[in-house]
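J.: Have a look at the structure that comes next, please.
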Amino acid sequence: YVGASLAHAAALVARRQARAGQFKFFYSNTRWAPGQLEAELAEGKWVAAACSKELVLQAAAHWEKPLWRLALELMGGRHGLISRELCGEL
């Protein structure tokens, strides 16, 4: 489930309409000024990636590496090399 509040999630689990493992909550956020993110994307400061919901919503305990790194490695090529470089493997 994406976008549910903790109270909503608890109610769905209590009614057996969902399992606790189907929810993932994120703490914190980042905000950009209007046009700032688009400019940073154009400058190559961020990488936009399509990911499966199974990867993104998988419990972090099951990840062998941080999510950002898994995504870059799955993209392969230049992105996989960037991942290795940022982790001091090159």
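The values are calculated or read from the model by the stated rules, or taken from the named source; none is laboratory data. All values reported here derive from a predicted model rather than from experimental measurement. Every residue, glycine as well, gets a Cβ built from its backbone with ideal geometry; the counts of neighbours run over all protein chains shown. Note: areas computed on protein heavy atoms with side chains; ligands, DNA, RNA excluded. Shrake-Rupley method; radii C 1.70, N 1.55, O 1.52, S 1.80 Å.
J.: Collect the residues in region 53-90 that are more than 29 Å from Gly21 (Cα to Cα), surrounded by 12 or more Cβ atoms within 10 Å (Cβ to Cβ) and among the charged types (D, E, K, R), keeping them in residue-number order.
T.: Within region 53-90, Arg84 is the sole residue that qualifies.
J.: Within region 20-43, does at least one residue satisfy the condition of being open to solvent by 60 Å² or more (accessible area, probe 1.4 Å), among the charged types (D, E, K, R), modelled with pLDDT under 90 and under 28 Å from Arg78 (Cα atoms)?
T.: Yes: one or more hits.
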